[in-house]
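Below is one structure, written out as structure tokens, with a few remarks after it.
The values are calculated or read from the model by the stated rules, or taken from the named source; none is laboratory data. For clarity, every value in this text was computed on a predicted model and none was experimentally measured. In this analysis, Cβ positions are derived from the backbone assuming ideal geometry, glycine residues included, and neighbour counts consider all displayed protein chains. Remember, those area values only see protein heavy atoms, side chains included, never the ligands or the DNA or RNA. Shrake-Rupley method; radii C 1.70, N 1.55, O 1.52, S 1.80 Å.
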Amino acid sequence: VGLDAFPVVKKARYVPSQDDIDRVINVAEPEDQDYLWVIRETMGRMSEINQLEWKDVNFVDRYVVLYTRKKRHGDMKGRKVSMTEKLFDVLSRRYMNRDKAKPWVFWHRYWSRKIDGWTVGPFKERKKIMRTLCKRAGVRYFRYHALRHFGASLLEQANVPIGSIQRILGHEHRSTTELYLHSIGD
């Protein structure tokens, strides 16, 4: 409508170093360490890990199925992510010590305003913990999503084909993966 667009300054996303990620994991409580390891090893979104259930973990063929909604109000789509040795170790230990009455890999007890009482269920979000962990570890603040970027950058550096990176990250379009990798910078 005759208006000029504001200039956009595109900055590369901050991707923490391997050392910074390790430092954050090391200062976390054991439950939170498991959560961070699962995000790091699957490169899953926080929402995918929060809703991960034991029925989606296959120890025999060593994969997990992560579900996400590609479009608002769309169907949930699953993708298989192979288990690394570390992921297998973390999930195996959690499985052996799980509460068999709970289907989720990660769950908590919380106050529900809907039922006006205590209930249990999967996490909806866990954003606040990262600021505390980064501060405690003495590293620059990063969010859970930075673990996805870190994993994608490792794959790119290892010359993994972009199509494989796209499948692992669960991107519907190759262009999303290209933008994702481009936003990481050097």
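Summary of values
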{"quantity": "Wholly enclosed helices (runs of 4 or more DSSP H) of region 72-186 bearing at least 2 residues open to solvent by 60 Å² or more (accessible area, probe 1.4 Å)", "calculated": "85-96, 128-137, 145-157, 174-184"}
{"quantity": "Residue list for region 1-39, filter: closer than 16 Å to Tyr141 by Cα, outside any helix (DSSP H, G or I) and at pLDDT 90 or above", "calculated": "Pro16, Ser17, Ala28"}
{"quantity": "Out of Thr42, Thr68, sole residue that is modelled with pLDDT of 90 or more and not acidic (Asp, Glu)", "calculated": "Thr42"}
{"quantity": "Hits in region 78-117 (condition: over 17 Å from Asp32 (Cα atoms), free of Cβ contacts under 8 Å to residues at least 12 places away in the same chain and under 20 Å from the mean Cα position of the chain (by Cα))", "calculated": "Glu85"}
